[in-house]
Amino acid sequence: MIFIKLVMIPEQIKREVDWLRAEIRRHDLLYYQEDRPEISDAEYDRLFDRLVELEKQYPELLTPDSPTQRVGAAPSEKFEPVRHALPMLSLAKVTSVGEFREFHRRVESILANEGGRIQYTAEPKFDGLAVELIYENGIFITGSTRGDGIIGENITSNLKTLKSIPLRLSGDKIPPLIEIRGEVIINKSAFHKMNEERRHNGEEEFANPRNAAAGSIRQLDPKITAGRPLRFVAYGTGRVEGMLLSGHFETMMLVRSFGFKIADDLTICSTPQEVENYYAMMATRRDDLDYEIDGIVVKVNNYAQQQALGELSRSPRWAVAWKFLPEQAITKVRDIVVQVGRTGILTPVANLEPVRVGGVIVSRATLHNEDELRRKDVRIGDTVIVQRAGDVIPEIVKVLPENRPEGLAPFSMPKVCPECQAPTVRLEGEAATRCVNPYCPAQLLEKITHFASKGAMDIDGLGYKTIAMLIEKGFVKDVADLFEIPKHKDKILELERTGEKWFSNLEKALENAKSRPLKNIIFALGIRNVGEHLAGVLAKTYGSIDNLQKQTIETLTQTDEVGPIVAESIVSFFSNRHTADILEKLKKVGVVFPIEEKPSGKGKFAGKTFVVTGTLDKYSRKEAELEIEKRGGKVTSSVSSKTDYVVVGADPGSKYDKAMKLGITILSEAEFTRLLLEND
Ligand code: IVH
């Protein structure tokens, strides 16, 4: 006999659930789309909690587009690739009125025979991460990163946690299929708050909102993403089915009606002059906005005209990014101090009279090294131009010699280390001045911070300040001591800015760090001249620390990418008496030194060596390298007779010339993309 459980859900409950969902969606829109919340966070939470309660009581009422379903997916192992149905192109750039007018003239001349006047739309260029959201019958199905423009990563679970991304489109004109494109960003205010919290928890701070957004959206655990203040702003569409749209502006109005935030300042410009005015207006408003923008995007509004203009391989002819110039200001050099880094490198840094450069107060600028300092001839007391280009550390562009008072002495690098007073050295052929005392306290702090950092042992919760404190209080004298931290629990918990929760997280992080891949360990050791990439090469080539340790300068230099200087650094690192002690100690505290097998040599690029040079449009250098390696190929940094292909982007340097000279096959980005995708 079959029993059918009939659950009678009272009508009244159904109505309440519907009302709660509609109400929560309405408040999400008010908050994220219109920036004018009507209720407090606590009131919002009450609505939400009531919905959770009812759905728990009556699971039959649960639907995938309920606002409670934003966080729920389990962490994934890796992101699956998603092929964009229409490539996500990038934008050609202009940086001056002259260049913009040239763009306009080209548009005009191509459209000359088409008739119709040209209207542009202008909107901010958001500085975040591009994503695509696929909606089928109004329901959010798949979300992906831009990736290389052709293939991105499936980050649906993460994107579902963003309340500014509707799980179901609003309105009654819902197309059967629509792909919404836009940028994931973090507002400046939320970014500062988040960094403050991270500082407080001893976590590493993010350098800028863009990095924070990129790092947060690519978390394997959606719960981590959910805790980050990410927002989505729509700026376009991919495929749209079952709807006829005439242009960008109309489309964006429709996208807004679906419940998305679009640029507040999306405007129609009927003449190029209006675009120029818009640019000037946004350049002055830029710092007052609560989100980072790095220029404006100008698009030909009409879709028929867009089609007539067409596309180049990587960017459409109907749109252009008009970027802001780097922001500059004039100030005075108060002092030049010298900092000592992990590898003992001395970096001169100028302390400046605080000055507003764009939106931020700048009081320090790096001077890189002795040669750079000489070239610019920056002296204490000088008046200088400082510049913030995007978000990199501010730099001194040049000295204003006419403002130099008489009698200023040129600055020279110190003969002794400012931290430990040991003599400094500058090796032949190197720009860096170094302190070579392995016990130098500055080096210790930097070395340990490097050891714990991402890409190395990746110990979450161990930032620079925490390590400084642990060194200062005598708990940590070398990298292996980090793993003994749990032994000092009681005493450490007495220190400021610590806590039970932080400590137990740290214990877990330390436990996890004991089993990192070989390449991380090699990188973490901080061998001079061995960066993350080279550490990977060494791990792949030698398979274990013991094997790497046995190598000589001669055998090492036979490895691709290892020249005599790197080989010398490796050999001298392992022949140092302290290295053996530290490795021994690390093994004793439980760090596993894995033995890795050599790659199998499978894949269509097996046995082929690539060099990538110049700036590619669709790929970052790292992405291009990954694509090659995924297919069994090897990537090296310099061109030699062993190189099979040189992939050449914009502004290639001497590697291109060398490849030409050696007669090596040169691939343009388009050819490279084709080769990647061929028989994939
Ligand atoms: S439209 C073909 N509009 O800029 C046009 N892009 O270089 C495609 N971006 O990866 C883009 N703000 O992430 C467009 N208002 C905006 C934008 C914008 C930022 C980014 C986008 C894209 C890159 C193109």
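Looking only at residues in the range 343-357 that are at pLDDT below 95 and farther than 29 Å from Thr449 by Cα, the one that is nearest to the chain's Cα centre (by Cα) is Val357. Pairs are defined by a Cβ separation below 9 Å, a sequence spacing of at least 6 or placement on different chains, a first member in the range 291-309 that is in contact (Cβ under 8 Å) with a residue 12 or more places away in the chain and open to solvent by less than 10 Å² (accessible area, probe 1.4 Å), and a second member that is away from the ligand (no atom under 11 Å from the Cβ) and part of a loop (DSSP other than H, G, I, E, B); the pairs so defined are Ile293/Phe324; Gly295/Thr95; Gly295/Phe324; Ile296/Phe324; Val300/Ile118; Val300/Gln119. Out of the range 302-359, which residues are in a loop (DSSP other than H, G, I, E, B), out of contact with any Asp or Glu (no Cβ under 6 Å at 6 or more places or on another chain) and under 30 Å from Gly526 (Cβ atoms)? Result: Thr343, Gly344. Is there a residue being within 16 Å of the ligand (Cβ to nearest atom) and not in a helix (DSSP H, G or I) anywhere in the range 268-278? So far as the range 268-278 goes, yes, one or more of its residues are within 16 Å of the ligand (Cβ to nearest atom) and not in a helix (DSSP H, G or I).
With respect to Gly358, determine if the residue is surrounded by fewer than 20 Cβ atoms within 10 Å (Cβ to Cβ) and on the phi > 0 side of the Ramachandran plot.
Values: surrounded by fewer than 20 Cβ atoms within 10 Å (Cβ to Cβ): yes; on the phi > 0 side of the Ramachandran plot: yes.
Here the answer is yes, as Gly358 does meet what is asked.
Only one of Ala226, Ala207, Ala234, Ala213 is more than 30 Å from Leu470 (Cα to Cα), hydrophobic (A, V, I, L, M, F, W, C) and open to solvent by 30 Å² or more (accessible area, probe 1.4 Å); which? Before you say what the answer is, go through the steps one by one.
Numbers: Ala207 fails: more than 30 Å from Leu470 (Cα to Cα); Ala234 fails: open to solvent by 30 Å² or more (accessible area, probe 1.4 Å); Ala213 fails: open to solvent by 30 Å² or more (accessible area, probe 1.4 Å).
Being more than 30 Å from Leu470 (Cα to Cα), hydrophobic (A, V, I, L, M, F, W, C) and open to solvent by 30 Å² or more (accessible area, probe 1.4 Å) holds for just one of Ala226, Ala207, Ala234, Ala213, which is Ala226.
Every listed requirement among (1) open to solvent by less than 70 Å² (accessible area, probe 1.4 Å); (2) out of contact with any Lys or Arg (no Cβ under 6 Å at 6 or more places or on another chain); (3) part of a helix (DSSP H, G or I) is met by Glu568 save one, (1). Quick one: Met88 ticks every box in (1) open to solvent by 50 Å² or more (accessible area, probe 1.4 Å); (2) touching a residue at least 60 places away in the same chain (Cβ under 8 Å); (3) assigned to a loop (DSSP other than H, G, I, E, B) except a single one, so which number is it? For Met88, the failing item is (1). Of everything in the range 174-204 that is crowded, with 19+ Cβ neighbours inside 10 Å and under 20 Å from Val360 (Cα atoms), the residue that is modelled with the lowest pLDDT is Met194. Scanning the range 20-39 for residues that are farther than 18 Å from Ile165 by Cα and open to solvent by 50 Å² or more (accessible area, probe 1.4 Å) returns a single hit, Glu38. Within the range 103-145, the set of residues being of a type in the set (D, E, K, R), at pLDDT 95 or above and within 14 Å of the ligand (Cβ to nearest atom) comprises Glu123, Lys125, Glu132.
Let's see how each residue does on (1) within 30 Å of Leu89 (Cβ to Cβ); (2) of a type in the set (A, V, I, L, M, F, W, C); (3) touching a helix residue (DSSP H, G or I) at 6+ places or on another chain (Cβ under 9 Å):
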| position | (1), (2), (3) |
| --- | --- |
| Thr284 | yes, no, no |
| Ile293 | yes, yes, yes |
| Val297 | yes, yes, no |
| Asn302 | yes, no, yes |
| Gln307 | yes, no, no |
| Ser313 | yes, no, yes |
| Thr331 | no, no, no |
| Asp335 | no, no, no |
| Gln339 | no, no, yes |
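When Met282 is tested against (1) open to solvent by 20 Å² or more (accessible area, probe 1.4 Å); (2) touching a residue at least 12 places away in the same chain (Cβ under 8 Å); (3) more than 25 Å from Gly238 (Cβ to Cβ), just one condition goes unmet, and that condition is (1).
Selection over the range 241-264 of residues that are within 16 Å of the ligand (Cβ to nearest atom), touching a strand residue (DSSP E or B) at 6+ places or on another chain (Cβ under 6 Å) and either modelled with pLDDT under 95 or open to solvent by 40 Å² or more (accessible area, probe 1.4 Å) (or both) gives a count of 2.
Assess whether Val436 counts as being farther than 19 Å from Glu484 by Cβ, without any contact (Cβ under 8 Å) to a residue 12 or more places away in the chain and of a type in the set (A, V, I, L, M). Here the answer is no, as Val436 does not meet what is asked. For the range 322-331, the condition of being within 30 Å of Asn113 (Cβ to Cβ) and either within 16 Å of the ligand (Cβ to nearest atom) or open to solvent by 30 Å² or more (accessible area, probe 1.4 Å) (or both) holds for at least one residue. The set of residues from the range 146-161 being away from the ligand (no atom under 16 Å from the Cβ) and open to solvent by 10 Å² or more (accessible area, probe 1.4 Å) comprises Asn154, Thr156, Ser157, Lys160, Thr161. Of all residues in the range 531-548, exactly one satisfies the criterion of being in a loop (DSSP other than H, G, I, E, B) and open to solvent by less than 10 Å² (accessible area, probe 1.4 Å), namely Gly543.
For Ala226, the conditions (1) touching a Lys or Arg at 6+ places or on another chain (Cβ under 8 Å); (2) within 13 Å of the ligand (Cβ to nearest atom) all hold with the exception of (2).
For Leu47, the conditions (1) open to solvent by less than 60 Å² (accessible area, probe 1.4 Å); (2) within 16 Å of the ligand (Cβ to nearest atom); (3) aliphatic (A, V, I, L, M) all hold with the exception of (2).
The values are calculated or read from the model by the stated rules, or taken from the named source; none is laboratory data. Values in this document were obtained by computation on a predicted structure and should not be read as measured data. Here Cβ is always computed from backbone atoms with ideal geometry, including for glycine, and neighbour counts include all displayed protein chains. Remember, those area values only see protein heavy atoms, side chains included, never the ligands or the DNA or RNA. Shrake-Rupley method; radii C 1.70, N 1.55, O 1.52, S 1.80 Å.
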